[in-house]
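Asks: Would you mind keeping the following structure in view while I ask a few things?
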Amino acid sequence: SAAYLEFYEFFENSVLMGVPDYVPAEVVEGKVKVKPAAFGNIGGGLLNISTMKTGRLTLARLSNTGNRYSMHICTGEGKLKAWEEAGWDYPAPQLPSLDIHLDVPVDDFAQKISGQHYIIAYGDHTGPLKDYCYLKNIEVV
């Protein structure tokens, strides 16, 4: 199971990642929970406020510069941490998020970030990702 998340905060020992809208049911603990969206003067639609599963994770981001591709790969442990985005009507919804305790120092990880959004997958998928990168001539960072 995997999800497309973005970075919200960088802490000394972890990174907070989440998504303010859709997360697939496969990464949700229990049932998917939604509520009507109300962001300032914007309303309508539904907002996913589900709780994400915790556990071992692989973070990965494929990027390119010209015709050179690279993939940033890291593993860590996802733990629950409440997060809410400014601007929502009170009470602000608790959005799907994880506090990820990386297996490398956060400063080292941050030096290699290639964008705000990463794919997270439950489990350690480092081996298959590195094999894929080798076969496709993609640099692993």
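Asks: Kindly indicate the residue of the stretch 41-61 that is under 14 Å from residue 120 (Cβ atoms) and not hydroxyl-bearing (Ser, Thr, Tyr) and also modelled with the lowest pLDDT among those meeting that condition. Explain how you work it out, then say what you get.
Replies: Narrowing the stretch 41-61 to residues under 14 Å from residue 120 (Cβ atoms): 52-61.
Going one step further and asking which of them are not hydroxyl-bearing (Ser, Thr, Tyr), we end up with 52-53, 55-57, 59-61.
Working: 52: 92, 53: 95, 55: 97, 56: 98, 57: 97, 59: 97, 60: 97, 61: 97.
Filtering first and then ranking leaves 52.
Asks: Look through 58, 75 and report the one residue that is part of a strand (DSSP E or B), without any contact (Cβ under 8 Å) to a residue 60 or more places away in the chain and touching a Ser or Thr at 6+ places or on another chain (Cβ under 8 Å).
Replies: Working: 58 fails: without any contact (Cβ under 8 Å) to a residue 60 or more places away in the chain.
Matching residue, one of 58, 75: 75.
Asks: Determine, yes or no, whether residue 63 is in contact with a Gly (Cβ under 8 Å, 6 or more places away or on another chain), hydroxyl-bearing (Ser, Thr, Tyr) and outside any loop (DSSP other than H, G, I, E, B).
Replies: Numbers: in contact with a Gly (Cβ under 8 Å, 6 or more places away or on another chain): yes; hydroxyl-bearing (Ser, Thr, Tyr): yes; outside any loop (DSSP other than H, G, I, E, B): yes.
Judged against the criteria, residue 63 is a match.
Asks: Oh, and also: For the stretch 80-109, how many residues meet the condition of being in a strand (DSSP E or B) and loosely packed, with under 14 Cβ neighbours inside 10 Å? Break it down stepwise before answering.
Replies: Residues of the stretch 80-109 that are in a strand (DSSP E or B), as a first pass: 88, 97-102.
Checking the rest, the ones that are also loosely packed, with under 14 Cβ neighbours inside 10 Å come to none.
So the count comes out to 0.
Asks: Oh, and also: Among the residues in the stretch 114-124, are any among the aliphatic types (A, V, I, L, M), without any contact (Cβ under 8 Å) to a residue 60 or more places away in the chain and farther than 14 Å from residue 14 by Cβ? It would help to see each step written out before you state the result.
Replies: Filtering the stretch 114-124 for residues among the aliphatic types (A, V, I, L, M) gives 119-121.
With without any contact (Cβ under 8 Å) to a residue 60 or more places away in the chain added as a condition, the list becomes none.
So far as the stretch 114-124 goes, no, none of its residues is among the aliphatic types (A, V, I, L, M), without any contact (Cβ under 8 Å) to a residue 60 or more places away in the chain and farther than 14 Å from residue 14 by Cβ.
Asks: Return the residue satisfying two criteria in turn: it lies in the stretch 110-138 and is open to solvent by less than 100 Å² (accessible area, probe 1.4 Å) and among the aromatic types (Phe, Trp, Tyr), and of such residues it is farthest from the chain's Cα centre (by Cα).
Replies: Across the stretch 110-138, the extreme among qualifying residues is 122.
The values are calculated or read from the model by the stated rules, or taken from the named source; none is laboratory data. All of these numbers come straight from a predicted model, not from anything done at the bench. Positions of Cβ are backbone-derived with ideal geometry, glycine not excepted, and every protein chain shown enters the neighbour counts. Heads up: the accessible areas ignore ligands, DNA and RNA and are worked out on the full protein's heavy atoms, side chains in. Shrake-Rupley method; radii C 1.70, N 1.55, O 1.52, S 1.80 Å.
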